[in-house]
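> Could you have a look at this structure, given as structure tokens, before my questions?
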């Protein structure tokens, strides 16, 4: 009889983190039921932005709870990609998830700060805040999709390179569609300041992801 090694990577910590995310979703729905309902309809209607997107603050507790859940869920998904594409790194680096989570949080917050600075320099704070609010809302919604995807890959469907690539590619495509919607909504302002828009697009929307990709590779 031949024996083959079966390496099992413990995911108890991921279970606890996903449970914490579920609690955050439940709390946001419990304390802000109407807001959560409108938020859940984002793929269908933009009523959420008409009600909350103009005078609402980015640091509203509802946004913060979903933002924390987004960071955790996206970080777990990236960790799963490491398990498939670079398993030796997972086995040798016990702090890998912490590094991923810290790096992703740092990337998002630095990018957000630069965009706020640009809005302040050009005296378009209200426009930038509205744009950032839309991006934050759509990415928080994607965080819920990553939560569902993580549940599937951890407990139902074995994560394969193709499955992770398709899921991640689909999430990036949805993020791109959300950005295009924001640009379309502000189309008149963009066309009147097209040169500055191209600079912004290259410096703050494209370049950071290229840098992140290079760092990841």
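Since every read-out is calculated from the coordinates, none of them should be taken as a lab result. Computed from a predicted structure; not experimentally measured. Glycine also receives a Cβ, built like all others from the backbone with ideal geometry; neighbour counts cover every protein chain displayed.
> Multiply the residue gap between residue 183 and residue 165 by 0.36 nm, knock off their C-alpha separation, and tell me the result in nm, one decimal place.
Values: separation 18, 0.36 × 18 = 6.48 nm, distance 2.67 nm.
This chain segment gains 3.8 nm when fully extended.
> A further question follows. So for the pair residue 12, residue 68, with labels modelled 7 Å out along Cα→Cβ, what separation do we get in nm?
Here the answer is 2.3 nm between the modelled labels.
> Right, here's the next one. Using a Förster radius of 25 Å, what is the FRET efficiency between residue 19 and residue 93 based on their Cβ-Cβ separation? Nearest 0.05, please. Present the calculation step by step, with values, prior to reporting the outcome.
On the way: r = 24 Å, r/R0 = 0.96.
Efficiency computed from Cβ-Cβ geometry: 0.55.
> Return the distance in nm (one decimal) between the two label points of a simple spin-label model at residue 113 and residue 145, each offset 7 Å from Cα along Cα→Cβ.
It works out to 2.9 nm between the two label points.
> Another one. If I take R0 = 25 Å and measure r between the Cβ atoms of residue 59 and residue 105 in this structure, what FRET efficiency does the formula 1/(1 + (r/R0)^6) give, to the nearest 0.05? Don't skip to the end; give the middle numbers.
Numbers: r = 15 Å, r/R0 = 0.61.
With a Förster radius of 25 Å, E is 0.95.
> Once label points are set 7 Å from the Cα along Cα→Cβ at both residue 26 and residue 152, what is their separation, rounded to one decimal in nm?
2.4 nm
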